[in-house]
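Visitor: Okay, handing you the structure first.
The values are calculated or read from the model by the stated rules, or taken from the named source; none is laboratory data. These numbers come from a predicted model, not from an experiment. Methodologically, a virtual Cβ is constructed for each residue, glycine included, from the backbone with ideal geometry; neighbour enumeration extends over all protein chains shown. To get the accessible areas, we keep the full protein, side chains included, count just its heavy atoms, and leave off ligands, DNA and RNA. Shrake-Rupley method; radii C 1.70, N 1.55, O 1.52, S 1.80 Å.
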Amino acid sequence: MRLDGSAVVITGAGNGIGAAMARKFAELGANVVLADVDTEAVRRVAAEVGGLAVPGDAASEDGVRALVGAALGEHGRIDLFCANAGISRGGGPEADEAAWADSWEVNVMAHVRAARAVLPHWLERGQGHFLATVSAAGLLTMLDAAPYSVTKHAALGFAEWMAITYADKGITVQALCPQGVRTNMLGSSGDAGKTLLDDGALEPEQVADLVADSLDGGEFLVLPHPEVADYYALRAGQPQRWQAGMRKLQRKLG
């Protein structure tokens, strides 16, 4: 994956990691097409980097079709699709139906619909690159946020399925799984976010730099916080020990 001269689509590009990736990729020569439900924010970022803004809901079937159509109309191809938009909803089983439904739509189905829209183009070309912003919560868990944790696990599962299914057809899939990043989402994550993530939180620009460096290598997991790999291995190999440690953190939250 070479960014110079490439055509890149980024959802959730009005703020946070998405905006930072737009700036970094454009700096490296990419032609960026940016989507966000925040019309003012995404237009501001697009104007800053010389990209195309496509405001709208990229989690919806119509929204993602319009986005892919606009990118193909502008550049004739899509080299990289960054399914970056996401939402964080807290609570457990008591969280209302809307919290669960919205989390499923944005954190999972947005990725499914993006793949549905862009795969025919990539399969015809014999190449394409899909970057799913998943979160370390998809590898581990996020206390006090069941809708977020569950849907991020599903997003990781879909990305893995994509990687296995289409690798031999020229399509690369990567899952970006940071822990704390200093975005609006971290700021709204409450006591659990502060306890678990604040100390080691990265700036969005640091994550964007790492993503840009990781695209060419094609490793499935992109881990801005390398320690997540160790946590993931512990969770898989010693689940009781892993859960015991997480329960200690849960008790700190009260």
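Visitor: So for region 139-147 (the condition being at pLDDT 95 or above and of a type in the set (D, E, K, R)), does at least one residue qualify?
Guide: no
Visitor: Which pairs do you get when a residue that is among the polar types (S, T, N, Q), found in region 54-71, comes within reach of a residue that is open to solvent by 20 Å² or more (accessible area, probe 1.4 Å) and at pLDDT below 95, reach meaning Cβ atoms under 6 angstrom, with the pair 6+ apart or on two chains?
Guide: From region 54-71, no pairs qualify.
Visitor: Return the pair list, or none, for Cβ contacts closer than 6 Å from residues in region 229-249 that are within 19 Å of D144 (Cα to Cα) to residues that are not hydrophobic (A, V, I, L, M, F, W, C), at least 6 apart or on different chains.
Guide: Once the first residue is within 19 Å of D144 (Cα to Cα) and sits in region 229-249, its partners that are not hydrophobic (A, V, I, L, M, F, W, C) give W242/R235.
Visitor: Checking the structure you have, find out if any residue of region 90-105 is of a type outside the set (F, W, Y), open to solvent by 60 Å² or more (accessible area, probe 1.4 Å) and closer than 30 Å to M1 by Cα. Before the answer, list the steps.
Guide: Applying the first criterion (of a type outside the set (F, W, Y)) to region 90-105 yields 90-99, 101-103, 105.
Keeping just the survivors that are open to solvent by 60 Å² or more (accessible area, probe 1.4 Å) gives 93-94, 96-97, 102, 105.
Applying the additional criterion that residues be closer than 30 Å to M1 by Cα yields 105.
Scanning region 90-105 turns up at least one residue that is of a type outside the set (F, W, Y), open to solvent by 60 Å² or more (accessible area, probe 1.4 Å) and closer than 30 Å to M1 by Cα.
Visitor: Taking region 1-36, which residues are over 20 Å from I171 (Cα atoms), in contact (Cβ under 8 Å) with a residue 40 or more places away in the chain and surrounded by fewer than 20 Cβ atoms within 10 Å (Cβ to Cβ)?
Guide: Correct list: N15, R23, L28.
Visitor: Something else about it: When residues of region 54-64 are filtered for being crowded, with 24+ Cβ neighbours inside 10 Å and modelled with pLDDT of 95 or more, how many remain? Quick ask: steps written out before the conclusion?
Guide: Residues of region 54-64 crowded, with 24+ Cβ neighbours inside 10 Å: 54, 58-59, 64.
Narrowing the set further to residues that are modelled with pLDDT of 95 or more leaves 54, 64.
Within region 54-64, residues that are crowded, with 24+ Cβ neighbours inside 10 Å and modelled with pLDDT of 95 or more number 2.
Visitor: Can you name the residue in region 207-224 that is hydrophobic (A, V, I, L, M, F, W, C) and in a loop (DSSP other than H, G, I, E, B) and, of all such residues, is nearest to A30 (Cα to Cα)?
Guide: The initial filter retains those residues of region 207-224 that are hydrophobic (A, V, I, L, M, F, W, C), namely 207-208, 210-212, 215, 220-223.
Those left that are additionally in a loop (DSSP other than H, G, I, E, B): 215, 220, 223.
On the way: L215: 13, F220: 22, L223: 23 Å.
Ranking the candidates gives L215 first.
Visitor: Sticking with this one: Within region 152-171, how many residues are open to solvent by 40 Å² or more (accessible area, probe 1.4 Å) and aliphatic (A, V, I, L, M)?
Guide: Within region 152-171, the subset open to solvent by 40 Å² or more (accessible area, probe 1.4 Å) is 153, 158, 160-161, 164-165, 167-169.
Right, trim to aliphatic (A, V, I, L, M) and you get 164, 167.
Residues that pass the stated criteria total 2.
Visitor: In region 112-140, how many are among the polar types (S, T, N, Q) and on the phi < 0 side of the Ramachandran plot?
Guide: We begin by selecting, within region 112-140, every residue among the polar types (S, T, N, Q); these are 127, 133, 135.
Keeping just the survivors that are on the phi < 0 side of the Ramachandran plot gives 127, 133.
The number of residues fulfilling the criteria is 2.
Visitor: So, one more: So which residues in region 110-130 are open to solvent by less than 10 Å² (accessible area, probe 1.4 Å), of a type outside the set (A, V, I, L, M) and in a helix (DSSP H, G or I)?
Guide: H111, W122
Visitor: Given the criteria in contact with a Leu (Cβ under 9 Å, 6 or more places away or on another chain), under 21 Å from K248 (Cβ atoms) and open to solvent by less than 20 Å² (accessible area, probe 1.4 Å), does G138 qualify? Please lay out each step first, then the result.
Guide: On the way: in contact with a Leu (Cβ under 9 Å, 6 or more places away or on another chain): yes; under 21 Å from K248 (Cβ atoms): no; open to solvent by less than 20 Å² (accessible area, probe 1.4 Å): yes.
In short, no.
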